[in-house]
Structures are given as structure tokens and as C-alpha cells.
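Read the figures in this text as sums done on the coordinates, not as results from a lab. Keep in mind that what you see is a predicted model, and the values were worked out from it rather than measured. All Cβ positions, glycine included, derive from the backbone under ideal geometry; neighbour counts span all protein chains shown.
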Amino acid sequence: MPDASHGAQRAVAHRSARGSVPGSAPAEGIDYDVALVGGGIMSATLGTLLTLLEPTWRIGIFERLDEVAQESSNPWNNAGTGHAALCELNYTPERPDGTIDISKAVAINEQFQLSRQLWASLVREGHVPDPSTFLSVTPHMTFVRGAKNVEYLRKRHALLSEHPLFSSMEFTQDPAVIAGWAPLLVEGREDDEPIAATRVAEGTDVNFGALTGELTRFVTANGGELFTQHEVKNLSQRSDGTWRLTVKDRRWNAKNPRRQVRARFVFVGAGGYALPLLQKAGIPEIRGYGGFPISGEFLRTTNPELVAAHDAKVYGKADVGAPPMSVPHLDTRVVDGETSLLFGPYAGFSPRFLKQGSLLDLFRSLRFGNIVSMLGAGAHNLDLTAYLGGQLVARPETKFQALQAFMPTARPADWTPITAGQRVQVIKRDKKDGGRLEFGTELITSADGTIAGLLGASPGASTAVSAMVRLLGRCFPERMGGWRPELERLMPSTAELAAA
């Protein structure tokens, strides 16, 4: 890990690196205090925090594509929901006795509040521009059909609305009230169908691609170096504890296609490629982990009449056996000032670990240490396998019926399919079953704190700040005492996170 004397010695040289040109090549054998692998929201968030906490440290960002935020952080590769558990039912599971567990919903909301606090501080201090470039207020709703689901939503609301973070949540079974919130949910629906909805007016729609770009610009404006079209192919730890990164220059006119750089600390924020890169690093903590890729598709409309009639992110209840990331939702999306509606996701399969990855990704990730985990997870999730198989063979008109269940008046002519991002579900070793699926994000850190990575998908982007603050505590425990006052100034909830 970087030490104070190293940072002081590099202060002058580090400042001279400001304004580095994206896509330029790193010098052979150069030393970095921090190497960030991947140009998504996770790396941008960690880079921002470290730039604020240790302005003399040399930070290098390595992105395999020609721009940052082109995979999972891209606004068209995710729904842009500021996940705060306001509308997502998978964060409030129903127990066998009929009671509802809201603990995960509260934890996720608290994590998103931490993100909001950091973004607000960055805007207030002039580090990023007007937040309207990446964030807009969009009501978050939950909509259910059928008597059983209506009763579940009523109980969920009764519990959540007692908590201060959810006190503004409204509940109704009145179709007229729901029509006032989101008319497309009610128009053309049978009068005798039991329906219910909850609504939180102050929900958010987040363009994580734009936010990633702003955070990355802040890092590079303060000495960080961004290398696009540069792919980290291998990582190996040296005898002194630092890391050697083998970097491939993917540009067509590269004079030196492969070079090596050194780093005292490495963060692998490479989306689906985090798993194979951590495997190459050879750290014991990654043994037993596997990943199963799931692709997705949304339906999109820019029909002005429909867009004007719907201003909300509306989540429903997942089908039996469906993964949480496949919860159906009808969303308002604001990307680069243009508003559209998305519905989905529809699950699919590709062996790629990234949207622009390789067809061999899944097979290359197999190890003796994770095959048992993956087989065990598969054997105990046959309902998920059946769900994915059904999605793959479903006819377009069958898929469209899922939208019509939300929006009875939907017409195929108004909607166009778009391919969503590629997700890799985490598979973790389990003594009882051999392996189990983890529907969330998993922070992996080495015992010596010199390398870390993030696996998994939703609600990752929304809780990036919380994840990276946890990373700082795990990998830099000796520095947290000095960093805590600044972290708490930027994000007052950091004190509560540390106490927890």
C-alpha cells in the first residue's frame, strides 16, 4: 500500500501529470500509488475519494474501450434507478410465517443516501457541475396485481412507512389514485382486477454514465492519468508486495502493444471481467468464486404522447424463479436531456462476461476451485434455469404480454427492443450445497490490503460510494483515522457506516 513518504516524494512529478490525454500510453515500468482497472462508476468513485483524501498520490485508470462508462455504467445498459429500496420488492422478502423483512431495504437506502451526500458535496465545492447533468427527480412506484400481492404490498408499506427513510411512502388500492400517479398502468384495465401501488415522489433517475464521466474528469484534472483502449491482461504480485500489471495497448497504431506498470494498490472495477482478473492475480480470497453471465433486453419508446403520460419508475413483482435483476419495471429514463420509457428486462444468455467481451469468457473462468461451486449453485437453482430457458425460447408476442400486464394499452408499433448490459451473477462456495448464487455485489479484498475488486450487479452503481468507503476501511485501516474527518465532512453518514 502507498506510504506517506512515497506520496511526498511524488508530489511534484504527480502534479505535472495533470491534463493527461485519454488514450495516451503509460510509460514502461512507471510506478503508481493506485491503479484502477476499468473505467466505470466504481473506479471513478474510488478515484474521486482518493484524490480528495491523498492529492499527492499518483492514480492511473486503465479502460479497455475508447471511452469510460461504456459497459454496466452506460445509461442504456441499466435502468438508471437510484436504488434506495423504495420500489424494489426483492429487498423486502416475505418470510415463511407471512411477516416481511425490511432490514435489507433499510441498509440499501442508507447506502444510497451516502452516495447522495458525496455527490452533493462535490457539486457544492465545484468539483462536478450542476447535478441535473446526471440526476433527475423521478417518483419511485411499486405496482402489483392480484389479492395476495395486494395484501403483501399493504403489509410492506405499513412496516416501511414507520421508518424515517420511508416515511413519505404512499399506499393505495384506489384505481383513480393510481391513475393520477401513472395513468398508463390503469387505462384499459379490467375493473374487477385487484391492484395496489406505493409511491415515493422524491425518487431518482441517475445517468451513471454521465456521472462516471464527471468523476473521471475530476480525477484527471487533479493529476490522475486516464488510459483508454488499454486493457490489463495480467496481474502478478512482486516480492515487495507491489503489483506488476501487464497492459495491452488496443489501438491499431500502438508502437509498443504490451508494457508493464507497477502499482502499490490495485482496484479491479472491471464489471464482469473482475472475476477473471482477480483469478489471474492469484489471491486466495477469490478461490471458490464463480460467475454466471446473464444478458438482458429492454423495450424502449420515445413516443411523445406515452412519455408525457408516464413520469415514474414502476417496479412489479418478479416471476417465480426469476433473478432479482429480472424484476419487471416500466421506467422513465432521462439520458442526455432526452426522456424515454423503458420496460423490461427480458433475460437472455451469452457466455460473455461483458457486452463487448469474448464468447470464451465463461469457459476461461472455470477453475478446479469453482467448478463445485457452480455445479452446486446450478443444482439448487433449477427454477432459475427453467426461467432463463423459457425467456430464451419465448416468442416476441409472448414477451410483449409482460408489458401489457403493466400497460394494457401498449401497442407493439410504439416499442423497439434494445440490448441491455451484461451481468455476471456471483456464485459463492457453500459448505452445505457446494455453491450458491449471490444476488448483489461482493467486495473482495486481499489479506494484505494491496488489491481489491467488486463482483456482482444490482444495486452496485447506486451503492458505489458505500462500497468504496468499506474498501478504504479494509485496505487502508492504518489511514482511516486520518481520513475519517474529511470523509465525515463530505458524507456525514460515514460515521454511522463506520459504527455499523
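Things to note:
- The residue list SER493, TYR346, THR242 was ranked by how far each Cα lies along the charge dipole of the chain toward its positive end, using unit charges on Cβ atoms, and THR242 comes out on top.
- P(r), alpha carbons of the range 367-500 - 5 Å bins starting at zero, rounded %: 2, 8, 11, 13, 13, 13, 11, 10, 9, 7, 3, 1
- Computed from Cα atoms, the angle from the helix 147-160 axis to the main principal axis of the chain rounds to 50 degrees.
- Multiplying the residue separation of PHE363 and THR302 by 0.36 nm and removing their Cα-Cα distance gives an extension gain of 18.1 nm.
- Cα-Cα pairs of the range 26-66 separated by more than 13 Å (percent): 53 percent
- For the range 120-205, average projected area of the Cα convex hull in nm²: 7.0 nm²
- The range 405-500: GluC sites (Glu not before Pro) in DSSP loop, at most 15 other beta carbons within 10 Å: GLU478
- Using the Cβ-Cβ distance between ILE30 and LYS233 with R0 = 25 Å, the FRET efficiency computed as 1/(1 + (r/R0)^6) comes to roughly 0.90.
- Residues listed by number, the range 54-69, amide nitrogen under 18 Å from LYS280 label point at 7 Å toward C-beta: 60-66
- Cα centroid separation, the range 441-481 to the range 187-227 (Å): 22 Å
- Extension gain (nm, one decimal) between THR409 and ALA147, 0.36 nm per residue minus Cα-Cα: 92.1 nm
- For the cross-link pairs LYS104/LYS428; LYS248/LYS428; LYS280/LYS428; LYS155/LYS313; LYS280/LYS355; LYS233/LYS432, the ones whose C-alpha atoms lie over 24 Å apart are LYS248/LYS428; LYS233/LYS432.
- When the alpha carbon gyration tensor of the range 254-380 is reduced to an equivalent ellipsoid, the three semi-axes, largest first, read 36, 23, 13 Å.
- Between ALA201 and ASP101, the FRET efficiency from the beta-carbon distance, with R0 = 22 Å, is close to 0.30.
- Taking amide H atoms as placed 1.01 Å from N in the peptide plane, the amide H of ASN222 has no partner under 5 Å among residues 5 or more positions away or on other chains.
- Taking the alpha carbon gyration tensor of the range 94-160, multiplying each eigenvalue by 5 and rooting it gives semi-axes of 35, 15, 7 Å, largest first.
- A compact globular protein would have a Cα radius of gyration near 2.2 N^0.38 Å; the ratio found for the chain is 0.98.
- Measuring r between the beta carbons of GLU338 and ARG154 and using R0 = 30 Å, the FRET efficiency lands at 0.25.
- 10 Å-binned pair-distance histogram of the range 225-277 (Cα, whole percent): 22, 53, 24, 1
- Sequence-distant residues sharing a close amide H with GLN422 (under 5 Å, placed H): LYS355
- The magnitude of the dipole of the chain, with charges of +1 and -1 set on the Cβ of Lys/Arg and Asp/Glu and taken from the Cα centre, is near 2020 debye.
- Against the chain, whose longest principal axis comes from its Cα atoms, helix 396-406 is set at around 70 degrees.
- Toward the positive end of the charge dipole of the chain, with +1 on the Cβ of Lys and Arg and -1 on the Cβ of Asp and Glu, the farthest Cα among TYR152, SER73, SER365 is that of SER365.
- Calculated from backbone phi, Karplus (6.51, -1.76, 1.60) coupling profile of the range 202-215 in Hz, x at Gly/Pro: 8, x, 10, 10, 10, 8, 5, x, 5, 5, 4, x, 5, 5
- The range 229-307: chymotrypsin sites (Phe, Trp or Tyr not before Pro) falling in loop per DSSP and having at most 16 other Cβ within 10 Å: TRP252
- Helix 480-490 axis versus longest C-alpha principal axis of the chain: approximately 50°, rounded to the nearest ten.
- Between the alpha-carbon centres of the range 355-403 and the range 152-182 there is a gap of 34 Å.
- Cβ-placed point charges (K, R +1; D, E -1), dipole of the range 202-354 about Cα centre in debye, nearest 20: 1340 debye
- Distant-in-sequence amide H partners of PHE439 (H built 1.01 Å from N, under 5 Å): none
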